[in-house]
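Contents: one structure, followed by commentary.
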Amino acid sequence: MKWTTRLNAAVLIALALICGCSNNPYRSGETEEQTYFSSFSRAPEKLDPARSYWMHESAIIDQVYEAAFEYHFLNRPYEIVPLTTESIPKPIYYDKKGKLLKRKDPAPEKIGRVEYVIKVKPGIMYHDHPCFAKDKQGEPIYANVTLADIKGYDLPNDFECKGTRELEARDYVLQIKRLADPSISCPIYSTIKNYMIGFEELHDTYAKMFEDERAKRKKAAGASYNQEKDEQENPFIVDYLGPEFEGAQVLDKYTYKISLNAKYPQILYWMCMHFFVPMPIEALEFHCQAAMIEKHIVLNRCPVGTGPYVLTRFKPNEVMELRRNPNYHDDFYPSEGNPGDREAGYLDDAGKRLPMIERQVYRMERESMSRWRKFLLGYYDSSGVASDVFDSAINMQMGSEAMLSDEMKDKGIKLLTSVSPDLTYTQFNMLDDVVGGYSEEQCKLRQAMSIAIDHNEYLDIFMNSRGVLGQGPIPPGLFGYRDGKEGTNPYISKWDPVRERHVRKSIEYAEQLMVEAGYPNGRKPDGTPLTVHYDHSSSGDPGFRAQFKWMHRRLQLIGIELKERGTDLTRYRQKRQKGNWQIMRNGWVADYPDPENFLFLFYGPNSRVKTGGPNSTNYDREEYNVLFKEMESMQNGPERQAAIDKMMKIVQHDAPSIWDLHPVSFQLFHSWYKNNKPHNMSSNLVKYQRIDPELRRQMQLKWNKAILLPVYLLIALGLLAIVPAAITIYRRDRGL
Amino acid sequence: MLTYIIRRVLYAIPILLGVNLIIFGLYFGLNSPDDMAETILGEKRVTQEQIDDWKRQHNYHLPKMYNTEERGLGFFTQTIFWQKSMRLFIFDFGKSDTAEGKSIGDEIRSRIPNSLAMTIPIFLASLFVNLFFSMIVAFYRGTYLDNSMRFICVFMMSISGMFYIIGAQTVAAQMLKLVPISGFDAGLYKIKFLILPILVGLLRSFGGAVRYYRTVFLEEINKDYVRTARAKGLGENKVLFKHALKNAMIPILTNVVVGIPFLIMGSLMLERFFSIPGLGGYMIDAIGKQDFAVVRSMAFLGSVLYVVALIFVDISYTLVDPRVRLK
């Protein structure tokens, strides 16, 4: 080939590359479908609904599996509605002798057993999956497969033969039994075992079976025994159908029964979560085969459900794709909601069949900046607001609501904010001699510290004011929370009617409390300064350093010297277990919208030191404990509110924690993305949402026209630099 | 040469054992199996009993280095070190400690092509560009071009790698809208995602490499044989590319071949910012997730590749310099 031909070819290729330049990360035509584009920053690892307790995994699991119930998409306060069942079951109460109690709401102490009978809707089908594929004789096609049989397959979707079957009550019962399997380490085992009859015994039966089998295998293998490798290659096959289990029983093809040992209405909330979804035995048999394990075609990455979507692509470090389940049962967009929903357009799609979005694509984005830029260019349909871009996206003026910046408004972006049902709290160890204890002086010391550590200032400095100052453990939006002036914690806060928010009492008042606590000017009776220790495991975190300095400065205002005691995670855990600490920081994210889920953090028998429970402060006040037991099983109503009010008064006075804040979540949505009412309890919301692909395509084209002039200039500049150099070399080479 | 290679391979065994021991010691000096279990299972509602179950399933219930409860071989074999780290010597990386439980070997195999898709073009392009420019500046030594280029090189070396990445994403992807900001895709679709990281990789290496190669070439072109070649009337092209380049190969090869393991191990920062699912991010993710199985495997793999690369460097010396003999 002549050099001129080569040059021409190179120029043509370069021109083709330059002319084809685009920053569109999707393939041609991909954005023209009803597809939702989003990103993820953390790869999901456990898609097994019995194992996962992470929100980023729930976002996938809850769209493939379906629990018996779900939360209403529009109604607030949150309301449970049937999903795969005929109705929401009513509890049936029996006394301790097994006699049916006819009262609708009997006293907890009279109850010996509670039953919920749940009727599954007939005709609900699983999505197409090879585990259901059968031959002409009705035998599973993919039983006893070898590696050669499944060569080239990565996900169930790749298999040639697929089948389906109807959802049955036995599938729910099977999954509940899995929650007791010790090899699964179900995160809610410790809670469920307290209520479900026979649950702990079932767990112990499985555990003993494993121990016996392990001992046998170890004896056979001798010194070369490697338990982990052995169990990876020959996993224990648990006979879930075998042992009798009273806690969950199948009554007929479409009916099953849950039996509890006490009144526990929160079980219905748990049953909205993916722990209680149906699990077909065929899926377990399919995925437990040695060849499947070897190829990693396992339940942890291959969900099998009846939900609106099917996981069709799963590369957890690159991309995940869900497609509409063609077998999805009748499910329709709600026709009613809260006042204002119709005006906000949330009822425009009332009565439409769900899901409306055909496909969802989630791409891995490790860096928040890349994610944010793609959102601005229209390549992601929604986004959160990271701290580093907050100022460019949101105008937050003192005393006014958060507003979008002009750039965001010009792009038609919508901002929706909602208070998350979470609590961030600074804990005092109630077992500690200085910051703990229940005497009036000790309570006043904690109240004074609560006033000094003013979280309104914290919100302004560290969180772009994205939070609500805490007045107690219950976050806004949950039953029991009191808003406005009547919700003020009278010991540490006051209501500011001008700015309509809670503010901390003055430092002078805190100093007065210090005097009453026996620490005038922060000095102990012997005249030495009062020193308290902040225990943490965040030494390497630069964000922590700034926060600690702030806290140190705030406590200095009342004369207290705050010192940090940083340790590694192991020591930190040990300190917490043994109660050998003074002040720590913690957080709690709601599992379900019930005040019990927050008030139990201060219930004495849940003490971390005594029972390893979630009460890390080890707070144990008799009156509170009695009220908690009463409140726990009450129906929402004036009686329950009164009990909660009393409990709040007690914890506000005793101040076992500083109720720091409840975070406010900021979500941004492009104009083509519809029906995105904030919902903090559910992860299966995409089925209600809709995309206007034509509008998206137009906006993407408008915002992403390639600018080639600088490239041409750069090429010209390069040529200008290279040509004289080449000429000089040529001349020197030829001795000219 | 065969004897030499065998001897070097045998030397590698204690080195790799030492690396394994250091990784094991460092890891368990900072973490305990309880921490690992809590990180993987999550802290919320998890009981000590479940943490113990997890440790049992993953062999972390065993003593670390020796097991006094076992007799005979079991004294050494029924320990975390033996069961976890010694398997690496037969390249059995095992499975990830996280609940996903994926085979580490499979994961490495699936990620290597992604890393190589980015690092090989960077490697080749930067080798070509950097050698070319360094020869030019060596050729024009002492002129305004040499001085300007030295200034540019020092300037480029002084800029943080992060600046190149963020700057390139801002200018090329966000402002000029020429290439995607980040991402990855299968087959030929991945090309558009690789343009920017390759360009950034090239720019990042330019300053340091040009300065290094310039020094190497300057040393060569001041030697007598170059003067003789010129005196015989050879053109500059031949002097530079045939004579000087060939004789400057030893330091160049050392620099180039030792860099080969890093091609396979990927580029941590580029992979992270451009969302490329290569090996660079695998180890960092594993450290964050307290996945000791992946951490030890990646550290072992890195050590093996480095040892192999050094052997190759030695062998390559014999190819470019007939005076070198391996005994």
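Read-outs: derived from the displayed coordinates by stated rules, not from any lab. Computed from a predicted structure; not experimentally measured. In this analysis, Cβ positions are derived from the backbone assuming ideal geometry, glycine residues included, and neighbour counts consider all displayed protein chains.
When the convex hull of the Cα atoms of region A:612-735 is projected onto a plane and the area is averaged over all directions, what value comes out in nm²?
19.9
How high is the relative contact order of chain A, in percent, counting Cα pairs under 8 Å that sit 6 or more residues apart?
Values: 1263 pairs, mean separation 124.4, N = 736.
Computed value for chain A: 17 percent relative contact order.
Angle, helix B:48-57 long axis vs. longest principal axis of chain B, Cα atoms, 0 to 90°, nearest 10?
Helix B:48-57 sits at roughly 60 degrees to that axis.
Could you list which residues have their amide H under 5 Å from that of A:SER465, counting only those 5 or more apart in sequence or on another chain, with H placed in the peptide plane?
Excluding prolines and chain starts, which carry no amide H, the hits are A:ASP460.
Note down the magnitude of the dipole of region A:253-360 about its Cα centre, charges +1 on Lys and Arg C-beta and -1 on Asp and Glu C-beta and zero elsewhere, to the nearest 20 debye.
340
Regarding region A:620-667, what is the average projected area of its C-alpha convex hull, in nm²? Working shown, then result.
Details: hull surface 19.2 nm².
Spelled out: convex hull of the Cα atoms, projected over all directions, averaged, 4.8 nm².
Using only C-alpha positions, report the orientation-averaged shadow area of the convex hull of region A:23-101, nm², one decimal.
With the hull built on Cα positions only, its mean projection is 10.1 nm².
Taking just the alpha carbons, could you work out the radius of gyration and Dmax for chain B, both in angstroms?
Gyration radius and largest Cα-Cα distance of chain B: 24.8, 84 Å.
Could you tell me how many cubic angstrom of Cα convex hull volume region B:36-90 has per residue?
83
Using each residue's phi in region A:379-385, evaluate 6.51 cos²θ - 1.76 cosθ + 1.60 at θ = phi - 60° and report the 3J(HN,Hα) Karplus result to the nearest Hz, with x for Gly and Pro.
Calculated HN-Hα couplings, in order: 8, 10, 7, 8, 7, x, 10 Hz.
Hey, what's the Kirkwood Rh for region B:1-52 if you take every pair of different alpha carbons, in angstrom?
Kirkwood hydrodynamic radius for region B:1-52: 14.0 Å.
Positive end of the dipole of the protein assembly as shown, charges at C-beta (+1 Lys, Arg; -1 Asp, Glu), about the Cα centre: which of A:HIS662, B:ILE22, A:ASN327 has its Cα farthest in that direction?
About the Cα centre, the residue reaching furthest to the positive side is B:ILE22.
Straight-line reach only, C-alpha to C-alpha below 26 angstrom: list the lysines that A:LYS649 could link to, leaving out same-chain residues fewer than 8 apart.
Cross-link targets: A:LYS263, A:LYS444, A:LYS485, A:LYS494, A:LYS505, A:LYS610, A:LYS629.
Can you show me the helix-derived [θ] at 222 nm for chain A, built from DSSP H runs with n ≥ 4 at -39,500 (n - 2.57) apiece and divided by the number of residues, rounded to the nearest 500.
-9500 deg cm²/dmol
Once you have all Cα-Cα distances for the protein assembly as shown, histogram them in 20 Å bins from zero and send the whole-percent values.
In whole percents, the pair-distance histogram is 10, 36, 36, 15, 3, 0.
Which one of B:MET175, B:MET269, B:MET118 has the biggest mean-square fluctuation once chain B is modelled by GNM with Cα springs under 10 Å?
Between B:MET175, B:MET269, B:MET118, it is B:MET175 that shows the largest mean-square fluctuation.
Taking every alpha carbon pair in region A:501-626, what does the distance histogram look like in 10 angstrom bins from 0, in percent?
Spelled out bin by bin, region A:501-626 gives 11, 29, 36, 23, 1 percent.
For A:LYS121, what residues show an amide H to amide H distance below 5 Å, using hydrogens built from the backbone and excluding near sequence neighbours?
HN-HN under 5 Å from A:LYS121: A:THR85, A:GLU86.
In cubic angstrom, how much convex hull volume per residue do the alpha carbon atoms of region A:422-665 span?
Per residue, the Cα convex hull of region A:422-665 comes to 125 Å³.
I'd like the GluC sites (Glu not before Pro) in region A:212-309 restricted to DSSP loop residues with at most 12 other Cβ atoms within 10 Å, sorted by number.
When the GluC sites (Glu not before Pro) of region A:212-309 are filtered for loop state and at most 12 Cβ neighbours within 10 Å, A:GLU244 remain.
Can you give the FRET efficiency to the nearest 0.05 for A:GLU109 and B:ASP52, using r as the Cβ-Cβ distance and R₀ = 35 Å? Let's see the in-between values first.
Numbers: r = 35 Å, r/R0 = 0.99.
It comes out at approximately 0.50.
Under a point-charge model restricted to the Cβ atoms of Lys and Arg (+1) and Asp and Glu (-1), what is the dipole moment magnitude of chain A relative to its Cα centre, in debye to the nearest 20?
Dipole size: approximately 1460 debye.
Going from the alpha-carbon gyration tensor of region A:76-208, what semi-axes, largest first and in whole Å, does one get by taking the root of 5 times each eigenvalue?
Largest first, region A:76-208 gives 39, 21, 14 Å.
About its Cα centre, how strong a charge dipole does chain B have in debye, to the nearest 20, once Lys and Arg get +1 and Asp and Glu get -1 at the Cβ?
Rounded to the nearest 20 debye, it is 1600 debye.
Show me the trypsin sites (Lys or Arg not before Pro) within region B:200-282 that DSSP assigns to loop and that have at most 11 other Cβ atoms within 10 Å of their Cβ.
B:LYS232
Mind computing the radius of gyration and Dmax over the alpha-carbon atoms of region B:189-261? Å is fine for both.
Answer for region B:189-261, Rg first and Dmax second: 16.5, 53 Å.
Which FRET efficiency value, to the nearest 0.05, is calculated for B:ARG230 and B:ARG109 with the Förster distance at 51 angstrom and r the Cβ-Cβ distance?
Details: r = 51 Å, r/R0 = 1.01.
FRET efficiency, B:ARG230 to B:ARG109: 0.50.
Rounded to whole Hz and in sequence order, give me ³J(HN,Hα) for region A:318-329 from the Karplus expression 6.51 cos²θ - 1.76 cosθ + 1.60, θ = phi - 60°, writing x for Gly and Pro.
In residue order, the calculated couplings are 9, 8, 10, 9, 10, 10, 4, 7, x, 8, 4, 6 Hz.
If each residue of separation counts as 0.36 nm, what is the full-extension length gain between A:GLN641 and A:PHE544 once their alpha-carbon separation is subtracted?
Values: separation 97, 0.36 × 97 = 34.92 nm, distance 3.72 nm.
Difference between extended and current length: 31.2 nm.
At 7 Å along the Cα-to-beta-carbon direction for both B:ARG325 and A:VAL626, put a label point, then send me their distance in nm to one decimal.
9.9
Please identify, among B:ALA231, B:ALA299, B:ALA117, the residue showing maximal mean-square fluctuation in a Gaussian network model of chain B using a 10 angstrom Cα cutoff.
Fluctuation is largest for B:ALA231.
Just the C-alpha atoms of region A:42-324: what Rg/Rh do they give, with Rh taken as the Kirkwood radius?
Result for region A:42-324 is an Rg/Rh of 0.99.
If we sort A:387-395, A:219-227, A:613-621 on the protection proxy, mean other Cβ atoms within 10 Å, highest first, what's the order?
Those peptides, ordered most packed to least, come out A:613-621, A:387-395, A:219-227.
For chain A, list the DSSP H helices whose alpha carbon atoms reach 27 Å or more along the long axis and whose average Kyte-Doolittle value is 1.0 or above?
A:709-733
Relative contact order of chain B: what whole-number percent is it, with Cα pairs under 8 angstrom and at least 6 residues apart?
Values: 337 pairs, mean separation 80.6, N = 327.
Over chain B, the number comes to 25 percent.
If amide hydrogens are placed 1.01 Å from N in the peptide plane, which non-local residues have theirs closer than 5 Å to the one on A:LEU251?
A:TYR256, A:LYS257
Choose one of A:PRO525, A:PRO122, B:PHE128: the residue whose Cα lies farthest towards the positive end of the charge dipole of the protein assembly as shown (beta-carbon charges +1 Lys, Arg; -1 Asp, Glu; about the Cα centre).
Ranked along the dipole, the leading option is B:PHE128.
Less than 14 Å from a label point 7 Å out along the Cα-to-Cβ axis of A:ASN521: which backbone N atoms in region A:436-463 qualify, by residue?
Counting only backbone N, you get no residues.
Efficiency by 1/(1 + (r/R0)^6): what FRET value for A:ILE507 and A:GLU86, r their Cβ-Cβ distance, R0 = 51 Å, to the nearest 0.05? Don't jump to the answer; show the numbers that get you there.
Values: r = 59 Å, r/R0 = 1.17.
For A:ILE507 and A:GLU86, the calculated efficiency is 0.30.
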